[in-house]
Every structure is written in C-alpha cells, then in structure tokens.
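The values are calculated or read from the model by the stated rules, or taken from the named source; none is laboratory data. On a predicted model such as this, the values are computed, not experimentally measured, just so you know. Because the Cβ atoms are built from the backbone with ideal geometry, glycine has one as well, and the counts that use them run over all protein chains shown.
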Ligand code: NAD
C-alpha cells in the first residue's frame, strides 16, 4: 500500500482489510491519541515496512539503534545500567537526527495561519538559531515531577526547543501575585505563543480564580482538544476507544460570574454566545475532516436550557448541514456521558460545551485506563497551551509516583503544533512501546509499578523503537486546521417589552402578588411570579418550596416597546413601596421573537 498522504481512517480501513495492526482485544489499529492537538496536524499512520520512504508522512521511526536491543525488567541494577547506556546511545543518535529535524523546520519563526509563534525579537524569549522558543510552567502538586519527566524525554529526543520557564499558579499567588500569573509569565507566553503547562492547584470554594481558566480565556484559546484512546497493555483500559472531545473553552459557567443575591440564594451566570458556539462547532468539523474522522456528536442539555444550550445545538445543526460527508448527531449530555462511560467505542469526535466537556474528558480518560494518561491542547488564533487533562493531584505530590503520560502526550501535541512531527512521533512510539513492555506507573497497575522518573527513563530508552502490537504512529507535515472565520450577525431589531425584577422577600406568593399589584401602575401588567424558576403565581401549587428569591415579570401593556425611563419608574415605585429589589433582567424581542424563557409550570 502506498503510504503517501493517507488519512488515519483510510489507513485503518486498509489495516482492517488486512487484519493486521489490531491487538488481541480488538483495539483500533491506529492510536490517534495525538492526532488532534496540532490544530490540524494530520497523523498519517505508517506501515513498518515502508518506514522512512516518505518525507511528509514517515518520520524517524523504525531505526534499529542500540536502544532496540534494550529489554525492560522492573528491578535489577544490570537492567538499570543497560537502560542508562541505552539513553546515552540514544542521545548521541538524537544529536545526529536533530540535524535532520532542523532541516525540516521552515525557519525559526513560523508565521502560519494560527500564528502559533509570533516574534522572538528583543524579548526574554530570544532563541538560539535552531531552536524554537516555548514557555514552560511546571505548575503545582505533581507538576514539577511530571514536567521534569517530560523534559527528560524531550531532551533525549533532541527536540529543538528553547525553554523559558515561568512560575504561575499557587507559588506565584503565595509570592504575592493575586492573579497567580506574574507579568513576566504573560510576556513570555505572548512572545513565544506556546505554553507547556503543568497542572495548577485552584483553591476550592474560595481563594484566587483558576489560573487555567484565566489563561485559556485571556489568550483566546477557544478549543480544548482532548483525545482518548485504548491501550490494550493497560489493565483497566476498555478496548476500542478512539475518541476526541472538542470542548468549548471560553464560555458557559466558566465565565465565573457569581453573586450572592439574598441570604439564601447564590447565582452563577451561564454565558453562551452565538459566535463562540459557531467557532467551536466549525473547529470540530474542520478537525474531523482533517483527521479522517466520520462522525461528530454534539452534547448539550437543551431540553432544560433551551436558550443557551439550545443555541449550541442549533448552531451545530446548521454547521452539520454544511458537512454532508460527516455523520452528525446530538445527545442530551446525561445519557451521552453515561454512554461514554459504558460504550466509549461508539464515539468519534464529541463537541460540547465547556463544563460538559471537562467532565466528559475525565470520564473518557478514566475509562481508557487513567486520567493520568490524557493530554490536551488549548488552541487559539494567537497562542496555544498544552497541558495534561488531570489536575495537580496533591495526594501524590512529592512521592515520585505520578504518571507523566498526560504531560508527555501534551508535549507531543505541542511538537506537532510547532511543525516538528518527527520528534513527536518518535516520542509517541517510544511511549507506546514502553506501555507495551509493561512499564506502568501506579495508577495503571497494582503490582510492580515504576516511579515517575523511571517511566520517563524507560520512554527515553526506547526512542527509536516502535510498538509491536499495534501500528506505529506517524504525524504528517504540520498541516494546521484553518481557524474558523465567524461572520458577524446581520443587524436585528431589538425591542424591550418588559422586565423581570428580582426581589429579596420572605413570605407567601399570594401575599407578595397582592402587594405588588397595588404598585405596578399603568402601562405594565404583572404576568408571573416564580421562585427558583417555578411559577408560584398565578395558579401556583401549595407543595412548591419557596425561598427568599423571587422573580416578578412585568410586561408592557399590549406588549409594545417600552422606553427605559418607564422601566426605571417602575423599579422606583417598587423601591419606594419597600420592596427589596436585588436585580433586573430586560425582556427583549429580537426580530419579533422573544429572547427569554418561560417560567417552569407557566
Ligand atoms: P486531579 O486530577 O488532580 O486528581 C484526581 C485523582 O486522579 C487523584 O486521585 C489523583 O491522585 C489522580 N491523578 C491525577 N493525575 C494523576 C497522574 N498524573 N498520575 C496518577 N494519578 C493521577 O483532580 P482533583 O484532585 O480534583 O484536583 C486537584 C487540584 O488540581 C485542584 O486544585 C484542581 O483545581 C486542580 N486541577 C487543575 C487542572 C489543570 O491544571 N488543568 C485540571 C483539573 C484540576
């Protein structure tokens, strides 16, 4: 079979037809757990028999160097010595190979459509001629350990990178930076355009805001791409998984806009924009096309959140109609998440909203073996950030037992993103081989587990080796997904026809309604009172439990557009009558359609 520019799907069909490249459990022939993060890097699978014959798709794999002779036993000094010799030999080999890598890099500054790297001139991140500058933040908890392991492998593979280390997260916060991100970190990230980041501890229920979320949103990293694949050699890994979660990364409840409104009631705003939905959905389809995937599944909860999640679903349907070659379907998130847990092999690309995607990708990673295995890419138009799916695992910090695979996989994704497919596939194949050889960290096995550093050394020792029970991985030349261009919305007529006034009040619905009706005045009709979203007037139900937080809906009489001054006068009347107004929401018509939800039970 000619290798050339084939897609993973094409290759898999070929492998299927040959009945080769599948492990005993029937896993997918091709592990594409990294084929996403490049923002378009198309991973072209390689048949071992044709290794090295195609510059575009075939990397530096299949070398039968000294490390190929190394076996792995978990204990024994002799074995350890052999591994160290292997690493040493490999490093020398990598220095030779490094020159070849450099020849493939189209200049130090890659001014591509994604502008992954901008300028290095006159900055703290000025690079040596042949190395690409990146920013690295090791993070908190297990971060320093898994970052050291990752750097060990990157160095052994002679990846031509120049690291600019910055401190973000807990240590920065404790050092007096209230945001957790010091100025020098922002500057380095902006200058290099690429951040390899360890996990960051975020205080729960208080303290500083999430540094992760801040970085994603400030830098416009709208797409969080989280692949997940089975590993037959990992005991708890369910077979057949080969899915990618494309998670919207900037909106939803992660806006982090929260208020305490009454003694009883707290609120978190869920913000969803049409352009945000369109950007991520278009990215998901473009990603599917670029990576030979056939199905995109959208997951929302639009049976309940009809406006916000409904928008995401509606945009998905519109974009899907433009891609007749890709199967598109929608699942409500609760059954979708359950099915990802029980039938993950049925999924291909999943595109979903921020919170759902965060939860789903942890479920998928665990079902595939361990949350410690998952890497992710955060892609934006002007920067990209690469990080493990998991958190800082404070329970493991300092013990040297964490699995560095998630961060290592993120680093591989970063290499592809940077246009360095050869070291990327070299590391990826060595990692697959390491797992195949039974070198597992404690999250993957209950006996004979190796330490974080021993795992990294084992991967480094296998650089140049290929997996034996599945097809090796190869990444194509750095083909990037063109970032979606979102046209502005056509102008729409917007008219305010009413107002929801929220009150702090302790009492019964009927009494509240009677008091309010006495002060509404001309020009408005009070149409509804809800408590926690449930209609309690008119025609409420006696069983409904009410709190101290009430929404009172006032529509203009005749549903005509109402001047803002009249709305202010209404609020003023309520205030003067002693009502405790805590917030208002405008009720608008957009091009003749209501832009607000009905009350539950209304
Ligand atoms: P976590 O992912 O840190 O840990 C969950 C469980 O998975 C723990 O039992 C942990 O030991 C295990 N685990 C995680 N990574 C592992 C690895 N590499 N190897 C082996 N086992 C691993 O989630 P958590 O405990 O809910 O959160 C801890 C902290 O991490 C919190 O402060 C949270 O805010 C933060 N967090 C950060 C990120 C990020 O930086 N992107 C993501 C999620 C959570």
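Which residues, counting only those in the range 217-274, are closer than 15 Å to residue 371 by Cα, touching a helix residue (DSSP H, G or I) at 6+ places or on another chain (Cβ under 9 Å) and surrounded by fewer than 17 Cβ atoms within 10 Å (Cβ to Cβ)?
Selection gives 236 alone.
Would you say residue 452 is modelled with pLDDT of 95 or more and within 16 Å of the ligand (Cβ to nearest atom)?
When the stated conditions are applied, residue 452 passes them.
Taking the criterion of being surrounded by fewer than 18 Cβ atoms within 10 Å (Cβ to Cβ), in contact (Cβ under 8 Å) with a residue 60 or more places away in the chain and within 15 Å of the ligand (Cβ to nearest atom), would at least one residue in the range 202-212 satisfy it?
Within the range 202-212 (the criterion being surrounded by fewer than 18 Cβ atoms within 10 Å (Cβ to Cβ), in contact (Cβ under 8 Å) with a residue 60 or more places away in the chain and within 15 Å of the ligand (Cβ to nearest atom)), the answer is no, since none of the residues qualifies.
Kindly indicate whether residue 506 is surrounded by fewer than 16 Cβ atoms within 10 Å (Cβ to Cβ) and at pLDDT 95 or above.
Values: surrounded by fewer than 16 Cβ atoms within 10 Å (Cβ to Cβ): yes; at pLDDT 95 or above: yes.
So residue 506 fits the description; yes.
If a residue must be under 22 Å from the mean Cα position of the chain (by Cα) and within 16 Å of residue 461 (Cβ to Cβ), how many such residues does the range 138-150 contain?
1
Here is a list of conditions, (1) within 11 Å of the ligand (Cβ to nearest atom); (2) closer than 28 Å to residue 346 by Cα; (3) assigned to a loop (DSSP other than H, G, I, E, B), and residue 438 meets all of them except one; can you say which number that is?
Condition not satisfied by residue 438: (1).
Taking residue 182 and the conditions (1) without any contact (Cβ under 8 Å) to a residue 60 or more places away in the chain; (2) within 14 Å of the ligand (Cβ to nearest atom); (3) touching a helix residue (DSSP H, G or I) at 6+ places or on another chain (Cβ under 7 Å), which numbered condition does it fall short on, given that it satisfies the others?
That leaves (2) as the condition not met.
Let's see how each residue does on (1) buried (at least 24 other Cβ atoms within 10 Å of the Cβ); (2) within 7 Å of the ligand (Cβ to nearest atom); (3) without any contact (Cβ under 8 Å) to a residue 60 or more places away in the chain; (4) under 20 Å from residue 461 (Cβ atoms):
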residue	(1), (2), (3), (4)
368	yes, no, no, no
377	yes, no, no, no
388	yes, yes, no, no
396	no, yes, no, no
400	no, no, no, yes
403	yes, yes, no, yes
410	yes, no, no, no
415	yes, no, no, yes
425	yes, no, no, yes
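Given the conditions (1) out of contact with any helix residue (DSSP H, G or I) (no Cβ under 7 Å at 6 or more places or on another chain); (2) surrounded by fewer than 18 Cβ atoms within 10 Å (Cβ to Cβ); (3) over 18 Å from residue 418 (Cβ atoms), and given that residue 155 satisfies all but one, which numbered condition is not satisfied?
(3)
Quick one: count up the residues across the range 144-166 that are closer than 16 Å to residue 414 by Cβ and within 12 Å of the ligand (Cβ to nearest atom).
Going through the range 144-166 one residue at a time, the tally reaches 4.
Pull up the range 327-363, narrow it to residues that are closer than 27 Å to residue 440 by Cα and within 14 Å of the ligand (Cβ to nearest atom), then point me to the one that is surrounded by the most Cβ atoms within 10 Å (Cβ to Cβ).
The residue in question is 361.
Just to be sure before I move on: is residue 463 touching a residue at least 60 places away in the same chain (Cβ under 8 Å), touching a helix residue (DSSP H, G or I) at 6+ places or on another chain (Cβ under 8 Å), in a loop (DSSP other than H, G, I, E, B) and within 29 Å of residue 399 (Cα to Cα) in the structure I sent? Steps first, please.
Values: touching a residue at least 60 places away in the same chain (Cβ under 8 Å): yes; touching a helix residue (DSSP H, G or I) at 6+ places or on another chain (Cβ under 8 Å): yes; in a loop (DSSP other than H, G, I, E, B): yes; within 29 Å of residue 399 (Cα to Cα): yes.
Judged against the criteria, residue 463 is a match.
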